[in-house]
Amino acid sequence: MSSASLIVFCFLALLLGQTLGQDPAINYSLQWAKDTGINIRMIIEEKLPNTASAQAEGREVADTFDLGLTHCNAELLASRNIAQHKVCVNALAAGAYASLDRVAGQQWAIYGASSGASRIGLFW
């Protein structure tokens, strides 16, 4: 076995060992957090006007959520405290939803909508 093959084998074994060694509840919590981020991105696509500025502001909110989510996930992996992770993710999601609601109110007014039905807060 060449040294390159040995290095690749050890690297793959290390990655597989970390994946198999995780608690299923931790994996479920990480997946739930990832799904929350996907939901935020779907709201951006569906509820914000299809203008460059509205989508850019929505992406900024989503990127901020993702940045915070990395901290929540790192804390979960370090502490293995699922309840604390859920509180962290829910706080981030609430902030993201509130920000998107404000962005939608501003952008739909610019876009020409006068109805309050365009506000994201009415749908969550």
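Going through the stretch 26-74 one residue at a time, which ones are basic (Lys, Arg) and within 17 Å of Val103 (Cβ to Cβ)? Walk me through how you get there before you give the answer.
First, pick out the residues of the stretch 26-74 that are basic (Lys, Arg): 34, 41, 47, 59.
Matches in the stretch 26-74: Arg41, Lys47, Arg59.
Search the stretch 29-49 for residues being among the hydrophobic types (A, V, I, L, M, F, W, C) and either touching a residue at least 60 places away in the same chain (Cβ under 8 Å) or in contact with a helix residue (DSSP H, G or I) (Cβ under 7 Å, 6 or more places away or on another chain) (or both), and hand back the single one that is nearest to Cys88 (Cα to Cα). Among those residues, the one meeting the criterion is Ala33. Of the residues making up the stretch 56-107, those that are closer than 14 Å to Gly37 by Cα, among the small types (Gly, Ala, Ser) and loosely packed, with under 13 Cβ neighbours inside 10 Å are Ala91, Ala94. Filtered by the rule that a residue be modelled with pLDDT of 90 or more and touching a Phe, Trp or Tyr at 6+ places or on another chain (Cβ under 8 Å), the stretch 96-123 gives Ala96, Tyr97. Residues of the stretch 8-28 that are modelled with pLDDT of 85 or more, farther than 24 Å from Gly95 by Cβ and assigned to a helix (DSSP H, G or I): Pro24, Ala25, Asn27.
The values are calculated or read from the model by the stated rules, or taken from the named source; none is laboratory data. Worth saying up front: this structure is predicted, and the values here are computed from it rather than measured. Here the Cβ is made from the backbone with ideal geometry for all residues, glycine too, and neighbour counts use every protein chain on show.
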